[in-house]
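What follows is a set of notes on a single structure, which appears directly below.
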Amino acid sequence: CNEVLDISYEDTYEELVDFSEIMENYRESAVDVPKEQRIEITDITLRVRLKETDEGKYDLIPMWVFYGTQEIDGTWSYPYVVVYDALTGDKVL
């Protein structure tokens with residue numbers, strides 16, 4: 001454990017981008033993968049990351065994380081991770 005946080009909740013919440021938009025953004029980015037590479041997504045998880053505010057506090061930002069493997073030329077296999085901001089739909093990694 002790197003840090004211990006005291007988390008407080010507010011009465012208002014941010015709306016998440018519809019998951020179908022996240023999937024469409026992923027499909028569009030997958031078009032750029034060269035044909036000799038094969039990507040297999042094995043898990044999609046909703047996580048949060050910390051974002052420091054100007055007041056020295058932190059906001060919890062929801063992120064969709066796509067986990068999998070990337071195979072190159074049928075020989076090499078690497079871990080594959082792509083992250084999308086769940087509030088904007090933008091690709092983070």
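Checking each residue in the stretch 32-69 for being among the hydrophobic types (A, V, I, L, M, F, W, C) and within 16 Å of V81 (Cα to Cα) picks out V33, I39, I41, I44, L46, V48, M63, W64, V65, F66.
Those strands (runs of 3 or more DSSP E) of the chain in which at least 1 residues are among the basic types (K, R), open to solvent by 70 Å² or more (accessible area, probe 1.4 Å) and at pLDDT 90 or above, considering only elements entirely within it, cover 37-52.
The values are calculated or read from the model by the stated rules, or taken from the named source; none is laboratory data. Note that the coordinates shown come from a computational prediction; the quantities given were computed from them, not determined experimentally. Each accessible area value is taken on the protein alone, full model and side chains, heavy atoms only, with ligands, DNA and RNA left out. Shrake-Rupley method; radii C 1.70, N 1.55, O 1.52, S 1.80 Å.
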